[in-house]
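Each remark here refers to the structure printed beneath this line.
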Amino acid sequence: VQLQASGGGLVQAGGSLRLSCTASGRTFSRYAMGWFRQAPDQEREFVAAISWSGGSTGYADSVKGRFTTSRDNAKNTVSLQMNSLKPEDTAVYYCAADPSRYYGGGPPRDYAYWGQGTQVTVSS
């Protein structure tokens, strides 16, 4: 499985960005998907997760109410809509796939496949 993330960039505080992650392979609909981020000198942290069908989602407390994840299994794509961005959201964002669970939400070690990351920078 190969994951390709896109949509990062520079935005002012209060602005919005939409990240996308496209997966190769024919079994995307059987992967739990997750979003993580990593700021300089910090550990990779969980941001959001979504189940196979998209019916179950979960978010880190720090982004709850501001970020929304969704997926389109017909297009092998998962998205992360980020609103009301804050400077502390600045990080490299990664999408990840877990083929062993219906729904993830666990730590990075649970995920078998990772995208290359996309930089999000929020200026104050």
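Brief remarks on what is shown
- Qualifying residues in segment 28-45 (those that are touching a Pro at 6+ places or on another chain (Cβ under 7 Å) and not basic (Lys, Arg)) - the one nearest to Leu3 (Cα to Cα): Tyr31
- Here the condition is being surrounded by fewer than 21 Cβ atoms within 10 Å (Cβ to Cβ) and either modelled with pLDDT of 95 or more or in a helix (DSSP H, G or I) (or both); of Gly65, Gly34, it holds for Gly65 alone.
- For segment 73-82, the set of residues classified as outside any helix (DSSP H, G or I) and either of a type in the set (Lys, Arg) or farther than 17 Å from Phe46 by Cα (or both) consists of Asn76, Thr77, listed by residue number.
- All of (1) at pLDDT 95 or above; (2) on the phi < 0 side of the Ramachandran plot hold for Ser84 with one exception: (2).
- Residue match in segment 85-105 (condition: open to solvent by 60 Å² or more (accessible area, probe 1.4 Å) and more than 18 Å from Val1 (Cβ to Cβ)): yes
- Failed item, numbered, when Trp114 is tested on (1) free of Cβ contacts under 8 Å to residues at least 40 places away in the same chain; (2) open to solvent by 40 Å² or more (accessible area, probe 1.4 Å): (1)
- Test: residue in segment 42-57 that is over 14 Å from Tyr93 (Cα atoms), open to solvent by 20 Å² or more (accessible area, probe 1.4 Å), not in a loop (DSSP other than H, G, I, E, B) and not aliphatic (A, V, I, L, M): yes
- Residues that are touching a strand residue (DSSP E or B) at 6+ places or on another chain (Cβ under 6 Å) and of a type in the set (S, T, N, Q), drawn from segment 74-114: Asn76, Thr77, Ser79, Gln81, Thr90
- Test for Thr77: is it open to solvent by 20 Å² or more (accessible area, probe 1.4 Å) and either of a type in the set (Phe, Trp, Tyr) or in contact (Cβ under 8 Å) with a residue 60 or more places away in the chain (or both): no
The values are calculated or read from the model by the stated rules, or taken from the named source; none is laboratory data. Only a predicted model underlies this, so the values are computations on that prediction, with no experimental measurement involved. Note: ideal-geometry Cβ built from the backbone for every residue, glycine included; neighbour counts use all protein chains shown. Keep in mind that these areas ignore ligands, DNA and RNA; they rest on the heavy atoms of the full protein, side chains included. Shrake-Rupley method; radii C 1.70, N 1.55, O 1.52, S 1.80 Å.
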